[in-house]
Amino acid sequence: MKCSKCGDKAVINMRQHKLALCSEDYLEWLPGQVKRFIEKYRMFRQSDRVLVAVSGGKDSLSLWDILWRLGYTADGLYIGLGIDGGIGYSDESRRLTEAFAAERSLHLHILSVPQEYGETIPEMAQRTHRGRGKPCSVCGLSKRHIMNRLAREGGYDVLVTGHNLDDEAATLFGNTLNWIPGHLSRQWPVLEADLPGLVRKAKPLCRIYEREMAAYALLRGIEYIYDECPYAEGSKSIYYKELLNQMEADRPGAKLSFYVSFLEAKEKGLFAPQADPQMVHLHACPSCGQATTAPGECAFCRMVLKVEKDRQ
Ligand code: Q46
Ligand code: ZN
């Protein structure tokens, strides 16, 4: 197969775009696509200070690499969750993230959950009995809170994450199967900072296939952690991704059209935010200042208090 641009040997064939590219053209094409979507959805401007949440995986490290090459001012944030899973998951992902930042002289913030809160994420999950044996709900709650706090404290204009098209399509699939109106009305490539204590958030890879990100990392020689978090196994989102991949194999472009048609329908007014009765109770958490609908302190601050009390 030949590169559609220069006729050299193609290294990737993207049936969904009817495009095959050689390594050199691909490494130029993908960042161009990312820039196009950053501008299309008005995620941030060239002069903004960007904080990239990095996990050590291919998507977040490649995103950071792309933003850096595009000339954005982008620092990284790595959160150490204290997850081992027999493979030293957190230690290895931290090592790779630090090496990535050092190679490019990029600034990396590191927050270690066990150092900051006294326990690892799996330990906190056990203590609080959240999530029926899986630490994912404690993990998600903690990551959202910490990312938001550090982006605010650092005065960043926007917090970006490496969610790719496969992630967004799987989330949309779940939200649609269960018809969750609040989630459908909030799902969008960028979330404005329109609630107390919350920063602007954006997903520059939302229209880039996971396979395209893996190819970018490989061709760019980015060393990333291949293993998934050991707790990801058996998750609903992996199941939805498998189903969507089956559709994609039969009909190239199915995933992209599912997600993009949703965005277009939203632009025409579908799933417009309704007066959400929960929002009536919205206030800033007296302890951390982040928006919450829970009475009193937010779920994260209550969880940390419970862990502290329990340990005494
Ligand atoms: S939530 Fe669950 Fe992930 Fe946290 S514990 Fe691992 S799988 S990392 S996206
Ligand atoms: Zn709080």
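Which condition breaks for K203 when tested against (1) out of contact with any Pro (no Cβ under 9 Å at 6 or more places or on another chain); (2) away from ligand 2 (no atom under 16 Å from the Cβ); (3) not β-branched (V, I, T)?
Here K203 meets the rest and fails (1).
Quick check on my filter: what residues within the stretch 119-136 are of a type outside the set (A, V, I, L, M), within 11 Å of G82 (Cα to Cα) and either free of Cβ contacts under 8 Å to residues at least 12 places away in the same chain or within 11 Å of ligand 1 (Cβ to nearest atom) (or both)?
The answer is T120, P122.
Can you confirm whether E308 is within 16 Å of ligand 2 (Cβ to nearest atom), assigned to a loop (DSSP other than H, G, I, E, B), among the acidic types (D, E) and more than 25 Å from the chain's Cα centre (by Cα)?
no
Using the structure shown, decide if S261 is exposed (fewer than 13 other Cβ atoms within 10 Å of the Cβ) and without any contact (Cβ under 8 Å) to a residue 24 or more places away in the chain.
In short, yes.
Can you tell me which residue among E98, E103 is more than 20 Å from E210 (Cα to Cα), outside any strand (DSSP E or B), under 22 Å from the mean Cα position of the chain (by Cα) and of a type outside the set (G, A, S)?
Residue meeting the stated conditions: E98.
Identify the residue in the stretch 287-305 that is near ligand 2 (Cβ under 8 Å from one of its atoms) and part of a loop (DSSP other than H, G, I, E, B) and, among all such residues, is farthest from A125 (Cα to Cα).
Ranking the candidates gives G289 first.
Restricting to the stretch 217-239, count the residues that are hydroxyl-bearing (S, T, Y) and closer than 27 Å to P31 by Cα.
Number satisfying all stated conditions: 3.
For the stretch 129-164, which positions are under 17 Å from V54 (Cα atoms) and hydrophobic (A, V, I, L, M, F, W, C)?
C139, L141, I146, M147, L150, A151, V158, L159, V160
Every residue in the stretch 218-254 that is of a type in the set (S, T, Y) and either touching a helix residue (DSSP H, G or I) at 6+ places or on another chain (Cβ under 8 Å) or in a helix (DSSP H, G or I) (or both), please.
Those that are of a type in the set (S, T, Y) and either touching a helix residue (DSSP H, G or I) at 6+ places or on another chain (Cβ under 8 Å) or in a helix (DSSP H, G or I) (or both): Y224, Y231, S235, S237, Y239, Y240.
May I ask you to say which residue of I222, I238 is within 16 Å of ligand 1 (Cβ to nearest atom) and either at pLDDT below 95 or under 30 Å from E98 (Cβ atoms) (or both)?
I238
Please specify each residue of the stretch 66-93 satisfying the condition of being buried (at least 22 other Cβ atoms within 10 Å of the Cβ) and assigned to a helix (DSSP H, G or I).
I66, L67, S90, S93
The values are calculated or read from the model by the stated rules, or taken from the named source; none is laboratory data. As the structure is a computational prediction, the values presented were derived from the model and not from experiment. Every residue, glycine among them, receives a Cβ derived from its backbone with ideal geometry; neighbour counts consider all protein chains shown.
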